[in-house]
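Asks: Input: one structure, supplied below.
Since every read-out is calculated from the coordinates, none of them should be taken as a lab result. What you are looking at is a predicted structure, and each value in this text was computed from that prediction instead of being measured. Cβ: placed from backbone, ideal geometry, glycine included. Neighbour counts: every protein chain shown.
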Amino acid sequence: MNYDVIIIGAGPGGIFSAYEFAKKSDLKVAVLETGNVLEKRHCPIDGKKIKTCIGCSPCSIMNGFGGAGAFSDGKYNITNDFGGNLYEYIGKEKALELMHYVDEINTSHGGEGTAMYSTAGTELKKRCMQNKLTLLDASVRHLGTDINYIVLGNLYNELKDKVDFYFNTPAKSIKVTEEGYSIDTDSGVFTGRQCIVSVGRSGSKWLEEMCRELDINTKSNRVDIGVRVEIPAEIFASITDELYESKIVYRTEKFEDSVRTFCMNPYGIVVNENTNGIITVNGHSFEDPAKRTANTNFALLVSKHFSEPFKESNAYGESIARLSNMLGGGVIVQRFGDLERGRRSTPKRIEEGTVRPTLAATPGDLSLVLPKRILDGIVEMIYALDKIAPGTANDDTLLYGVEVKFYNMEVELDHNLETRYPGLYMIGDGCGVTHSLSHASASGVYVADRIMNNR
Ligand SMILES: Cc1cc2nc3c(=O)[nH]c(=O)nc-3n(C[C@H](O)[C@H](O)[C@H](O)COP(=O)(O)OP(=O)(O)OC[C@H]3O[C@@H](n4cnc5c(N)ncnc54)[C@H](O)[C@@H]3O)c2cc1C
């Protein structure tokens with residue numbers, strides 16, 4: 001079990017590192033993965049016998065070949081404007097070049113024929129500009145859940161004879177040795193001259209522990225807090241029909257804070273999300289026309305960056321979510337008109353409204369939950385969106401709270417994504433550099449190329 005390179009984690013970051021080594025070198029490479037091979041990844045929730053998460057270990061949704069995105073919609077956003085900070089390390093041009101390279105690999109492994117959307121030159125971009133809103137630039141390859149799965153299967157078939165995959169083999173510790181690194185697992189000790197850690201969100205807590213043991217600096221200073229907006233689909237149709245997903249940013253007049261849209265779900269539903277026992281809100285949409293609803297939902301989020309000495313940004317987000325759980329027993333829903341009139345929503349007021357909620361949340365008052373500055377920003381943004389999609393600021397628009405987007409801690413890395421230990425690299429979502437498929441994949445390519453060029 002002695003290798004040139006050990007990759008920990010077989011998500012997009014790890015897969016694309018392995019792909020580069022297999023294609024361009026004769027290095028002996030092992031990939032250690034907590035979860036299963038792709039075809040054995042099955043979530044037991046069937047909606048009948050098992051309706052909710054029963055806490056499988058490992059979780060088939062988050063762990064296994066393909067990582068967290070294996071059953072996702074497979075939206076590869078090619079942009080430096082969102083999806084991670086890879087460009088801060090390797091430069092904007094390089095980051096984009098690698099995201100396009102990843103796209104070429106995906107489209108030559110089953111993704112050919114899938115749609116690529118672009119914000120450039122769209123009518124929406126012009127309308128946003130005219131109304132003090134910014135539509136972030138991106139090209140989006142939309143593989144879709146089914147093709148994403150096919151691409152992953154094809155990549156695995158190509159790699160499996162060139163790289164040694166060890167599934168159901170979580171790395172337990174990383175030790176620095178004279179020859180490189182030794183990784184302890186239940187199946188024995190693996191050694192490698194170089195080690196790439198790509199453990200994603202699910203491995204972030206473990207990675208934090210490893211960083212502590214290895215005395216590698218980390219920081220955790222960002223959390224995004226906001227609400228999910230639900231409106232009749234017709235109101236947003238001019239936006240959602242033109243672009244599959246648009247990220248729109250508004251800079252508030254009062255505090256000059258940025259408020260942004262996130263995760264648009266045309267004709268979708270609002271859902272509860274359980275994070276460590278705290279109920280927050282999220283949204284889904286469906287490919288199947290039969291499952292569509294009359295509403296569109298999207299999040300409006302405000303980023304909160306904390307400075308020293310506060311380091312518990314995620315705990316701050318959890319506390320706010322806990323407040324809504326305390327008042328509403330879970331997620332709170334409020335009509336925009338009630339919020340503006342300074343009164344709580346009641347079941348009767350929701351019932352009398354024209355927007356039918358797709359989530360059974362508790363009618364209440366979000367101004368008792370969200371910090372004033374965040375709420376003011378959200379209200380300003382709703383009025384700004386009303387200019388490009390009239391009706392967004394209607395009294396009956398529903399706001400669900402709270403939505404929280406937690407971020408992984410950020411590991412201190414140099415511009416090559418190398419830690420203070422030569423040959424120990426960290427990539428992807430787990431170390432806070434990325435939070436998307438395309439950025440994570442590109443970070444994997446970058447580090448593999450760097451290792452090969454340094455031989
Ligand atoms: C439901 C869902 C839908 C998504 N949809 C999109 C989308 O459409 N577009 C987009 O850009 N992003 C999407 N994302 C986010 C995207 O999936 C992630 O940004 C991306 O997968 C990150 O890649 P990664 O390689 O860094 O980590 P991951 O994909 O999380 O992979 C990490 C892997 O490491 C393994 N691992 C963890 N700890 C250990 C350990 N100690 N030892 C061995 N292995 C370990 C895990 O099992 C996992 O397989 C989605 C995420 C989810 C959950």
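Asks: Under a plain spin-label model, where a point goes 7 Å from the Cα along Cα-to-Cβ, how far apart in nm are Arg212 and Glu312?
Replies: If labels sit at Arg212 and Glu312, their model points lie 1.4 nm apart.
Asks: Grab the other residues whose beta carbon is less than 11 angstrom from that of Glu273, score K and R as +1, D and E as -1, and report the net.
Replies: +1
Asks: Quick one: compute the contact order of region 1-142, relative version, from alpha carbon pairs under 8 angstrom and 6+ residues apart, as a percent.
Replies: Worked out over region 1-142, it gives 20 percent.
Asks: In addition: Could you work out the relative contact order of region 388-455? I mean the mean sequence separation of Cα pairs under 8 Å and 6+ apart, divided by the number of residues, in percent.
Replies: 22 percent
Asks: If each residue's Cβ is checked for other Cβ atoms within 10 Å, how do Arg212, Arg335 rank with the fewest at the top?
Replies: The most exposed by this proxy come first: Arg212, Arg335.
Asks: Which angle from 0 to 90°, rounded to the nearest 10, does the C-alpha axis of helix 372-388 make with the longest principal axis of the chain?
Replies: Once rounded, one gets 80 degrees.
Asks: Another question, if that's okay. Rank the residues Leu398, Leu368, Leu96 as a footprinting-exposure proxy: fewest other Cβ atoms within 10 Å of their Cβ go first.
Replies: Lowest to highest Cβ neighbour count: Leu368, Leu96, Leu398.
Asks: If you don't mind, there's one more thing I want to ask. Which net charge results for the neighbourhood of Phe65, defined as the other residues with beta-carbon distances under 14 angstrom from its beta-carbon, given Lys and Arg at +1 and Asp and Glu at -1?
Replies: Neighbourhood net charge equals -1.
Asks: Using a basic spin-label model with each label point 7 Å from the Cα along Cα→Cβ, how many nm lie between Thr346 and Glu242?
Replies: Distance between the two pseudo-spin positions: 4.1 nm.
Asks: Please give the calculated 222 nm ellipticity per residue for the chain, where each DSSP H segment of at least 4 residues contributes -39500 (n - 2.57) and the sum is spread over every residue; nearest 500 deg cm²/dmol?
Replies: Only helices count here, giving -9000 deg cm²/dmol.
Asks: Still on this model: For the chain, what is the relative contact order in percent, using Cα pairs closer than 8 Å and at least 6 residues apart in sequence?
Replies: Contact order relative to length: 22 percent.
Asks: Find out how many positive minus negative residues lie around Arg420, taking Lys and Arg as positive, Asp and Glu as negative, among other residues whose Cβ is under 10 Å from that of Arg420.
Replies: -4
Asks: Let me ask something additional. Tell me the angle of helix 12-24 to the major Cα principal axis of the chain, expressed in degrees between 0 and 90 and rounded to the nearest ten.
Replies: With both axes taken from Cα atoms, the answer is about 40 degrees.
Asks: Something else: Roughly how tilted is helix 313-328, in degrees to the nearest 10 and between 0 and 90, from the longest Cα axis of the chain?
Replies: 40 degrees
Asks: Restricting to bridges with both residues inside the chain, how much of the DSSP beta-bridge set is antiparallel, in percent to the nearest 5?
Replies: Just about 75 percent of them are antiparallel.
Asks: Sticking with this one: Which FRET efficiency, nearest 0.05, do Glu234 and Ile50 yield, Cβ-Cβ r, R0 41 Å?
Replies: The computed FRET efficiency comes out at 0.65.
Asks: Moving to a separate point now. Counting other C-beta atoms within 10 Å, which of Leu300, Leu86, Leu413 has the fewest, and how do the rest follow?
Replies: Ascending number of Cβ neighbours within 10 Å: Leu413, Leu300, Leu86.
Asks: I want to check the label-to-label distance for Lys172 and Asp73. Put each point 7 Å from Cα in the C-beta direction and report it in nm to one decimal.
Replies: With each label placed 7 Å out from Cα toward Cβ, I get 4.1 nm.
Asks: Still on this model: What is the dipole size for the chain, taken about its Cα centre, with +1 at each Lys and Arg Cβ and -1 at each Asp and Glu Cβ, in debye to the nearest 20?
Replies: Around 840 debye, computed over the chain.
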